[in-house]
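Q: Can you keep this structure in mind? I'll have questions shortly.
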Amino acid sequence: MVLALLLPVAFAVPAQAASSSRVVVYYQTQYNGGHYVSPKALTDNKTGVTDIEVAAVHLNANSVVHLNDDPPESAKFTQMWKDLAAMQARGVHVLAMVGGAAQGSFQRLDKDFGTYYPLLKNLINRYHLNGVDLDVEENMSLAGMERLVDQLRTDFGSGFLIALSPVASALSGGGNLSGFSYDRLYQDRGSKISWFNAQFYCGWGSLSSTSGYDAVVKRGVVPASKVVGGTVTDPGSCSGYVDMTTLKKTIGSLKAKYPGFGGIAGWEYFNSRPGGTAAPWQWAANISSALR
């Protein structure tokens, strides 16, 4: 059984200073060319990764839960759950990223909460996740999102991590894919939200300089401590790739401007540069070094 291999304490948050910056890695490609891509190299090589987000969880029609194209309990994921549990034991938070580009999960949570929320709750309990990342790229009502945040916080307590991943412009008064106002959400529920992985890529922003991040902070709603700058880790993933030399310069400037700077998130793990598919863990190591 997979459960026997996981940590018995589901929601204990590993020690981390409140002011320290996060190094977040999205982990969606679990198999590349038929070969399993283990995330354990992130801890084996002491990269300083703080959070790994398993993507993408979909709440599909007819009460079906999938991790990408298969049920989370599929045999193909058995080793993955073992590896993630081992990473938890070494202090890394493991979160499930819900939603993303595929449509439907949040519409179902919005319109049929009683059916679909228990499926998400069961997933969190079964795999002893430290948190969730709500990546809402479809219309959802503000009331529906607030209900979801409230219920997660009620069910899993103050140590449970609740992140959201809006496009960066949604935090600075610009374009938004989610259908609700992030300004209003933060004003209403900010104390219950752990941080935002703001997507500074795919045309919604850039980390080639500090300007996009500055615009979020100048908005005066979400503080820098809760804004993690998201970037793509390979130019083939989406537009907006920033080479590591330039990214490190941006990180240095952001650290200097904002002592509580939230950190950096990378989409996604398996082919992250500079190491590529042979050593994708090097991306996180470089980011950690820049943040120090």
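The values are calculated or read from the model by the stated rules, or taken from the named source; none is laboratory data. Small disclaimer: the values here were computed from a predicted structure and weren't measured. Because the Cβ atoms are built from the backbone with ideal geometry, glycine has one as well, and the counts that use them run over all protein chains shown. To get the accessible areas, we keep the full protein, side chains included, count just its heavy atoms, and leave off ligands, DNA and RNA. Shrake-Rupley method; radii C 1.70, N 1.55, O 1.52, S 1.80 Å.
Q: Based on the Cα gyration tensor of the chain, what are the three equivalent ellipsoid semi-axes, each the root of five times an eigenvalue, rounded to whole Å and given largest first?
A: Details: eigenvalues 134, 113, 63 Å².
Whole-Å semi-axes of the equivalent ellipsoid: 26, 24, 18.
Q: Would you kindly state how much longer the chain becomes between N139 and R184 on full extension, computed as 0.36 nm times their sequence separation minus their alpha carbon distance, in nm to one decimal?
A: Values: separation 45, 0.36 × 45 = 16.20 nm, distance 1.54 nm.
That pair, N139 and R184, stretches by 14.7 nm at full extension.
Q: Can you give me the long-range amide H partners of A55? Hydrogens built in the peptide plane at 1.01 Å from N, cutoff under 5 Å, separation of 5 or more residues or another chain.
A: For A55, whose amide H was placed from the backbone, the distant partners under 5 Å are Y27, Q28, M97.
Q: Another question, then. Accessible area per residue of the range 22-291 at 1.4 Å probe, in Å²?
A: Values: 9660 Å² over 270 residues.
Normalised by residue count, the accessible surface of the range 22-291 is 36 Å².
Q: Right, another one. A 21 angstrom limit on the alpha carbon distance is what I want to check against. Which of K46/K82; K40/K82; K46/K76 exceed it?
A: Numbers: K46/K82 18 Å; K40/K82 10 Å; K46/K76 26 Å.
Distance filter (> 21 Å) returns K46/K76.
Q: In whole percent, how big is the carbon plus sulfur part of the accessible area of the chain, probe 1.4 Å, protein atoms only? All intermediate terms of the calculation are to be shown ahead of the outcome.
A: Working: 5640 of 11310 Å².
Its accessible area is 50 percent carbon and sulfur atoms.
Q: Report the trypsin sites (Lys or Arg not before Pro) located in the range 168-267 that are in a DSSP loop and have at most 16 other Cβ atoms inside 10 Å of their Cβ, or state none. Write out the running numbers ahead of the final one.
A: Numbers: sites: R184, R189, K192, K218, R219, K226, K248, K249, K255, K257; in loops: R219.
Counting only loop positions with at most 16 other Cβ atoms within 10 Å, the trypsin sites (Lys or Arg not before Pro) in the range 168-267 are R219.
Q: Quick one: dipole size for the chain, taken about the Cα centre, charges +1 on Lys/Arg Cβ and -1 on Asp/Glu Cβ, in debye to the nearest 20.
A: On the way: 24 positive and 22 negative charges, 176 e Å.
Computed about the Cα centre, the dipole is about 840 debye.
Q: By how many nm would the segment from R292 to Q79 grow when fully extended, if each residue of separation counts as 0.36 nm and the alpha-carbon distance is taken off? Intermediate values should be presented prior to the final figure.
A: On the way: separation 213, 0.36 × 213 = 76.68 nm, distance 3.21 nm.
Result: 73.5 nm gained on full extension.
Q: Compute the relative contact order of the chain as a whole-number percentage, counting only Cα pairs closer than 8 Å that sit 6 or more residues apart in sequence. Write out the running numbers ahead of the final one.
A: Numbers: 583 pairs, mean separation 61.0, N = 292.
Once divided by the residue count of the chain, the mean separation gives 21 percent.
Q: Using the Cα centre of the range 171-292 as origin and beta-carbon charges of +1 (Lys, Arg) and -1 (Asp, Glu), tell me which of N176, S289, S225 is placed farthest towards the positive end of the dipole.
A: S225
Q: How much of the DSSP bridge set in the chain is antiparallel, in percent, rounded to the nearest 5? List each step's numbers first, then the result.
A: Numbers: 7 of 41 bridges.
The answer is about 15 percent antiparallel.
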